[in-house]
Every structure is written in structure tokens, then in C-alpha cells.
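Please read the structure below before turning to the comments.
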Amino acid sequence: MRLEGKSAIITGAGSGMGKAMAERFALEGARVLCTDISGAQDEVAHMIGGGAIGLHVDVAEEADIQAMIATARDAFGRIDILINNAGFGGGIMPLHEQTSKSWDRIHAVNIKGVFLGIKYGVISMMETGGGAIVNIGSATGMVGWKGHSVYGAAKGGVSQLTKCAALDYAAHNIRVNAILPGSIWTGLVAMSKEHPEPPPGIFRVPGIPMDRWGLSSEIANAALFLASDEASYITGTLLPVDGGYCIGFSGMAAEQKEQDL
């Protein structure tokens, strides 16, 4: 019960990593506001129980974020934890094939949504003595991934926004950290609908030092730690949960270059 007595908002809680975090936080004693744009947030809230609430939210819309904060304050009295998780990848393609429309939507959700969450979340937290914010970035915000220029730019922005916000609000007892997921199975929506866990035979992932997919539960574990009082002296950190991809990237690139030669 590491979150007993605390209240949390989790965006993108209708599936995947967000759903896993909502379930884990509720098990640890938190009251959870589950938000999503898909409509699945109500089902998740009903499933986890414990006073959980579902709310339709488009994180790219400022009015929706304001309503999200107000709903949590009305229901729980305060906001102790905010998980800015909602996001999507867009198409995988070379930069010159991307459109301005795609750029705008990917950035509206993946970076503007985080900005708005922090902006209105910290206002509430400052009024009630502090809190913890965890942003969900990506390993693509730390190293380059072919075909991910637009998404990677947005997630790189999440990393920098996290570090700057941590400095802005450290004196207000508000911690701001980020998790950088790598290849997480339930992030692959088309597959995860049929297979919540990787089927036998395709669990391995060449190029990942730990040689396997990550699981949404492993992201939930990291988020639980950063949101809890166990991380009370941690702010501004970027925590890769990627099976070693980010630290192994340069070594694998050098190895491939030697093979090419």
C-alpha cells in the first residue's frame, strides 16, 4: 500500500501502459482518475474499483485538461500524482514523407499534452503542498530511430521539459521525472489487442541487449517507484526502461559498422 491515501491522475489509461499503471496504483491504495480519448477509460475505472473514476480527455485540448484537474480536485480533494502518459506514434517513414498535419497532431498529443498537464497540475499541487509528476517519454527521445523523426522530436521535448520543470518546482515540493520506455509489447496496439503478452516464439527482440520485449507491468513498476515517497529525493531524472537499448545503442552501432567493413 505504498500509495495509500493518495490520489492520482493517469492519462491514456484506457489501454497498454496507462491501464497497467492505473491497475497497479489502485492496488497500492491510490484513488485514480483514469482518462483517455478512446472511451475505454470508464471500463478500466470500473474494473479496478476503489473509487476510481473514468473521464474522456483529449490531452491536446486545454479545456479538457482544465476539466480533468477540476474533476480530480472535486472527487478526491487534492492531486498527489499526475502521470502524463497519453501519446501515439504516428506513421513510421522518412522525414520528407511526413506532413505538416502529422507533425502538428503528434506534437499536440505527445508534447503539448504533457505541457498542459504539468501547467495545470502544478497549480493544484502548489495549493496543497506538493506532489509527484511522471511523464512518459520514449527511448526515441534519447537515441535516433529510423523513421521516427517527428515522434522522436516530440519525445525528446518531453525529456527536456521534464528537466526544466523539475527545476521550476523543486522548491514547491513537486517532483517531476520521466520514464523512457523502449520496445514495450502492449505499446504495439494492433498486436496487444489479440495478445496481452508476447506469444511463444516471438518473445526475443534482436538489437535489445536483454533480448526481449518489455511489458507494460514493468513500466507500471517504474512509475510506482517514481510516484511514491520512496523516490522523495529524486527529481529531474530520465529513467530508461528499455532492456538496455539506450546504453547499448552506440556499442551495437560500432559492432554493425565492423561487420559492414
With the condition being without any contact (Cβ under 8 Å) to a residue 60 or more places away in the chain, I'd like the strands (runs of 3 or more DSSP E) fully within the stretch 1-59 carrying at least 2 qualifying residues. 31-36, 53-56
Given the conditions (1) modelled with pLDDT of 55 or more; (2) assigned to a helix (DSSP H, G or I), which single one is not true for M191? (1)
Return yes or no: is S100 small (G, A, S), in contact (Cβ under 8 Å) with a residue 24 or more places away in the chain and either over 24 Å from G5 (Cβ atoms) or crowded, with 18+ Cβ neighbours inside 10 Å (or both)? no
Working carefully through the options L167, L95, L180, L82, find the one that is in contact with a Ser or Thr (Cβ under 7 Å, 6 or more places away or on another chain), in contact (Cβ under 8 Å) with a residue 40 or more places away in the chain, within 26 Å of F225 (Cβ to Cβ) and not acidic (D, E). L180
Among the candidates I118, I92, I79, I53, residue that is surrounded by fewer than 22 Cβ atoms within 10 Å (Cβ to Cβ) and within 25 Å of N177 (Cβ to Cβ): I53
Kindly indicate whether G244 is surrounded by fewer than 20 Cβ atoms within 10 Å (Cβ to Cβ), farther than 26 Å from E28 by Cα, at pLDDT 90 or above and within 22 Å of the chain's Cα centre (by Cα). yes
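The values are calculated or read from the model by the stated rules, or taken from the named source; none is laboratory data. What you see is a predicted model; the values in this text were computed from it and never measured. In this analysis, Cβ positions are derived from the backbone assuming ideal geometry, glycine residues included, and neighbour counts consider all displayed protein chains.
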